[in-house]
Amino acid sequence: MTAEAKAVTRPATATMTGPASPPLTERQEARRRRILHASAQLASRGGFDAVQMREVAELSQVALGTLYRYFPSKVHLLVATMQDQLQHMHSTLRKRPPAGEEPAERVAETLMRAFRALQREPHLADAMVRALTFADRSVSPEVDTVSRLTTAIILDAMGLEAPPTAEQLSAVRVIEHTWHSALITWLSGRASIAQVKIDIETVCRLIDLTAAEKA
């Protein structure tokens with residue numbers, strides 16, 4: 001198995017911002033959960049601009065200084081919120097996996113289900129996607145976790161019997177980029193849901209091509 005393939009199978013652990021941070025205690029994790037819930041609540045009401053760190057601190061009942069120790073900026077917080085949303089989505093998808101016969105069909109179905117979940121909370125979706133777009137190098141660990149979770153969701157839907165090949169992982173990256181781009185164009189009003197579905201189904205055909213190459 002390649003190093004990249006191993007990386008996408010590792011579960012995301014709840015830690016404070018920073019790759020070298022120790023695991024959170026039960027009390028710290030509960031505090032972090034409250035912060036992420038408050039972030040999602042505020043974003044759902046008014047999008048990116050509605051998420052103000054002072055209001056997040058008040059709503060989650062933590063001191064402002066404590067909030068900044070967990071999340072140094074609003075972008076860190078909203079990217080972590082997207083990570084949290086994807087983890088919940090991944091758990092839901094595992095309980096009710098896609099029913100398509102072919103891997104490409106299952107991945108397209110999975111990504112459209114994920115898209116529709118975000119569609120139900122457009123302000124929240126917009127806030128999280130904008131945070132990903134604004135993220136600089138300081139947010140790299142959180143952005144990488146979001147990418148790994150998205151990759152894991154796609155690989156689960158593919159239902160591979162063996163570790164993914166380099167070609168398959170490359171196809172997954174292209175699919176992930178297309179999904180993210182489709183979200184941006186839909187949120188900005190430049191693409192309809194029907195067009196998003198066409199784009200997702202088209203790019204997922206790359207999976208069939210990698211399967212053919214492997215055979």
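Once the dipole of the chain is set up with Lys and Arg at +1 and Asp and Glu at -1 on Cβ about the Cα centre, which of 119, 70, 194 lies farthest towards its positive end?
After comparing all options, I get 70.
Find, among the GluC sites (Glu not before Pro) in the range 143-215, those assigned to loop by DSSP (not H, G, I, E, B) with at most 12 other beta-carbon atoms within 10 angstrom.
Passing both the DSSP loop test and the Cβ count: 161.
With charges set only on the Cβ (+1 for Lys and Arg, -1 for Asp and Glu), what does the dipole of the chain come to about its Cα centre, in debye to the nearest 20?
740 debye
Carbon and sulfur: what percent of the chain's accessible surface (1.4 Å probe)?
52 percent
For the range 101-160, run through the trypsin sites (Lys or Arg not before Pro) and keep only the ones in DSSP coil with at most 10 other Cβ atoms within 10 Å of their Cβ.
Hits after loop and neighbour filter: 120.
Two decimals, Cα atoms only, Kirkwood Rh: what is Rg/Rh over the range 149-215?
My calculation puts Rg/Rh at 1.02.
So with the 1.4 Å probe, I'd like the accessible area per residue for the range 57-215, rounded to whole Å². Display every interim value, and only then the final one.
Numbers: 7920 Å² over 159 residues.
On a per-residue basis, 50 Å².
Which of rounded, prolate, oblate describes the range 33-140, given a ≥ b ≥ c as roots of the alpha-carbon gyration tensor eigenvalues and a/c under 1.5 marking rounded, otherwise prolate only if a/b is larger than b/c?
prolate
The values are calculated or read from the model by the stated rules, or taken from the named source; none is laboratory data. Small disclaimer: the values here were computed from a predicted structure and weren't measured. FYI the Cβ positions are ideal-geometry reconstructions off the backbone, even for glycines, and counts take in every protein chain you see. Remember, those area values only see protein heavy atoms, side chains included, never the ligands or the DNA or RNA. Shrake-Rupley method; radii C 1.70, N 1.55, O 1.52, S 1.80 Å.
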